[in-house]
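Bear in mind these aren't lab numbers, they're just calculated from the coordinates by the rules spelled out. Quantities reported herein were computed from a predicted structural model and do not represent experimental measurements. Note that we place each Cβ from the backbone using ideal geometry, even for glycine, and neighbour counts take in every protein chain shown.
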Protein chains: 2
Amino acid sequence: MSANSSVRSPLVECVPNFSEGRDAAKIDAIARAIAQAGGAVLDRTLDADHNRAVITFVAAPEAIGEAAFRAVQTAAGLIDLRHHSGVHPRIGAADVVPFVPLGGVTMEDCVRIAETTGSRIASELGIPVYLYDRAARRPQCRNLADIRRGQFEGLLEAVVTDPARHPDFGERLHPTAGATAVGARKILIAFNVNLNSPDLAAARAIARAVRFSSGGLPHVKAMGVLLGSRNLAQVSMNLTDFEATPLHVAFEAVRAEADKLGVRILQTEIVGLAPRQAVELAAAQYLKVANLGVLETKIDLL
Amino acid sequence: MSANSSVRSPLVECVPNFSEGRDAAKIDAIARAIAQAGGAVLDRTLDADHNRAVITFVAAPEAIGEAAFRAVQTAAGLIDLRHHSGVHPRIGAADVVPFVPLGGVTMEDCVRIAETTGSRIASELGIPVYLYDRAARRPQCRNLADIRRGQFEGLLEAVVTDPARHPDFGERLHPTAGATAVGARKILIAFNVNLNSPDLAAARAIARAVRFSSGGLPHVKAMGVLLGSRNLAQVSMNLTDFEATPLHVAFEAVRAEADKLGVRILQTEIVGLAPRQAVELAAAQYLKVANLGVLETKIDLL
């Protein structure tokens, strides 16, 4: 099914990222809080080196904001950013909370949910909120990378000294939970490609070559990181428009750059879940199928 | 979704093959007969060189037999095998009628449907029926290739002279509609790989190398044919257990053999529909994803 065809009742996806990738019990507690508030938890992905977890859940538009709020509240009670380190940049215990429209919901609905939820996070939890991506009110807040510049440690001061970095809701950073970026966006694929080598310079060179901001593929963000626990380098990507730049295009671009540098792709990871259409596009491409029809998809459409 | 997870009410798939791949109006008429009898037509695929069409439809177990019967009846009224030629072997106007259990239905249910429908086709339409695959009552009827030996023209006589080739229902062949193989089976993928060359010998050599009967891949049947209208050779395969021998394994085996012979894969075709699991397996394999979770699949499971 596509998100539009078989999601029968209005549904919003929320994919919050938390700055804890090692203590599964804490992520379990956050997932329980989401479920208790009526969110249906579909996936949780933890990474020890990123020291970060991603929970994917869905709920009706009326319920999703409360479930996200409970998740942020629980994370703030369990995660202390003063004692957090990992290879992924972050500003908060609940670092980022995006709302994604699935069937029967518009982007504008998700922007309103982001605004309402963000306002509550600031006023009730004392955690300042930046509205980002489609919910951004200022150009400097459209991109997460700009919001995260300097990370938690740098933002503690910048939020005081730089008016451009003032949050949309709230004032000073929460002393242990930092700040949270709350937004609305299209479906995104978080796609990590692990190399067969700890060559961080190679991963960074590949990231530079494939990401749009340095002349690479449209709708691709990328950074090179070292996964210490596995002693290998990773190209960590976000594909923000998988119809324009599909999974397999990003994969092959990384493979081509890796070839040039004499390293190889060991394995990849989808952080969270992949949209079905991206999976079908990749299969059709690699198998050279001109007319890929899928049985269950046709049945779903009945 | 898997066939088991999201087909909520009992459902049978039927994938009849007809000896007409050029006159779309005749296949339309057959599809209409199926729909009028309550079958939901999901796909129709015609091929001019095979001179064959495949219709994929589903219905509740109580309705599927009647819809299949109407399809065979309509085909018998429109297709005259005495004036039919194509690269695919065939014995009947409605050549083969398999029933496939989806959710909430067992293989035994499908065997009973095949028996009841086959009996009606013989008694009401005068078309003899061979029960095949899981519905076969005799070892020589398990494989379609054995039933089709000599094709329509050869079977006209063999059915009289060779007791082993007597049909399960009926007697002599129908003068214009031949005979029909009616069976029950697991999901099958009909997968055709087109080469960039009209080298029929190469297609046949590849088919020999990859099919199980001559020492190749388990659960793969294959033949090499020439597509005259496109002036290229094709390896035409049936994958009868895509979990044991996945799509991408068959594809790569063909590619490896083609490489040896200096020919290349131009494009492939799935005749009918592919099961979702086969598509996801292929994508995960090519993208080297260890943990492929699909958003809509998780939502379907809620």
| query | Taking every pair of alpha-carbon atoms in the stretch A:77-144, what share in percent sits in each 5 Å bin, from 0 to the bin with the longest distance? | reply | 3, 15, 22, 23, 18, 13, 5, 1, 0
| request: List the distances, in nm and shortest first, from the label point of B:SER214 to the matching label points in every other copy, placing each point 7 Å from Cα along the Cα-to-Cβ direction. | output: 5.2
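Only helices at least 20 Å long along their axis, Cα-based, and averaging -1.0 or more on Kyte-Doolittle count here, so list those DSSP H runs from chain A.
Flagged H segments are A:61-78, A:107-125, A:247-261.
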| request: Starting from the Cα gyration tensor of the stretch A:68-111, take the square roots of the eigenvalues, sort them a ≥ b ≥ c, and report rounded, prolate or oblate (rounded when a/c is under 1.5, otherwise prolate if a/b is larger than b/c, else oblate). | output: prolate
| request: Could you tell me which of rounded, prolate or oblate describes the stretch A:253-302, using a ≥ b ≥ c as the square roots of the eigenvalues of the alpha-carbon gyration tensor, with rounded for a/c under 1.5 and, failing that, prolate when a/b is larger than b/c and oblate otherwise? | output: oblate
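For a quick check of your reading of the filter: which chymotrypsin sites (Phe, Trp or Tyr not before Pro) in the stretch B:201-288 sit in a DSSP loop and have no more than 16 other Cβ atoms within 10 Å? Before the final figure, lay out each step's value.
On the way: sites: B:PHE212, B:PHE242, B:PHE251, B:TYR286; in loops: B:PHE242.
Answer in residue order: no site qualifies.
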| query | Where in chain B lies the longest segment free of GluC sites (Glu not before Pro) that are both loop residues by DSSP (not H, G, I, E, B) and have at most 15 other Cβ atoms within 10 Å? | reply | B:1-170
| task | Calculate how many DSSP beta bridges within the protein assembly as shown are antiparallel, expressed in % of all such bridges and rounded to the nearest 5. | result | 80
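Just the C-alpha atoms of the protein assembly as shown: what Rg/Rh do they give, with Rh taken as the Kirkwood radius?
Ratio value, two decimals: 1.07.
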| Taking a ≥ b ≥ c as the square roots of the eigenvalues of the Cα gyration tensor of the stretch B:10-100, is the shape rounded (a/c under 1.5), prolate (a/b larger than b/c) or oblate? | prolate
| Taking the stretch B:189-296, how much of its Cα-Cα pair set, in percent, is spaced more than 17 angstrom apart? | 51
| query | If the cut-off is a Cα-Cα distance under 29 Å, which lysines reach B:LYS288, setting aside same-chain residues fewer than 8 apart in sequence? | reply | A:LYS186, A:LYS221, A:LYS260, A:LYS288, A:LYS298, B:LYS186, B:LYS221, B:LYS260, B:LYS298
| request: Using amide H atoms built 1.01 Å from N in the peptide plane, name the residues 5+ places from A:GLY150, or on other chains, whose amide H lies under 5 Å from its own. | output: none
| said: Can you list the copy-to-copy distances for A:ALA290, using a point 7 angstrom from Cα toward Cβ, in nanometres, shortest first? | reply: 3.9
| At 7 Å out from Cα toward Cβ: B:GLY150 inter-copy label distances (nm, ascending) | 8.9
| request: Enumerate the amide H contacts of A:LEU232 below 5 Å, restricted to partners 5 or more residues apart or on another chain; note that Pro and chain-start residues carry no placed amide H. | output: A:LEU227
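Before rounding to the nearest 500, sum -39500 (n - 2.57) across all DSSP H runs of length at least 4 in chain A and divide by the residue total; then give [θ] at 222 nm in deg cm²/dmol.
Calculated from helices alone, the mean residue ellipticity at 222 nm is -11500 deg cm²/dmol.
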| field | Translational diffusion coefficient (Stokes-Einstein; Kirkwood radius from C-alpha pairs) of the stretch B:3-184 at 37 °C, 0.692 mPa s, in µm²/s | value | 206
| query | Under the Karplus relation 6.51 cos²θ - 1.76 cosθ + 1.60, θ = phi - 60°, what is the ordered set of whole-Hz ³J(HN,Hα) values for the stretch A:48-60, x standing for Gly and Pro? | reply | 5, 6, 5, 6, 8, 10, 10, 10, 10, 9, 10, 6, 5
| task | Please give, to one decimal in nm, the separation of the simple spin-label points placed at A:GLN36 and B:GLU62, each 7 Å out from Cα toward the Cβ. | result | 4.7
| task | Quick one: which residues, 5+ away or cross-chain, put their amide H under 5 Å from the amide H of B:GLY183? H built at 1.01 Å from N. | result | B:VAL97, B:PHE99, B:TYR132
| note | Connecting every pair of Cα atoms under 10 Å apart in chain A and solving the GNM, the largest mean-square fluctuation among A:ASP162, A:ASP109, A:ASP199 falls on A:ASP162
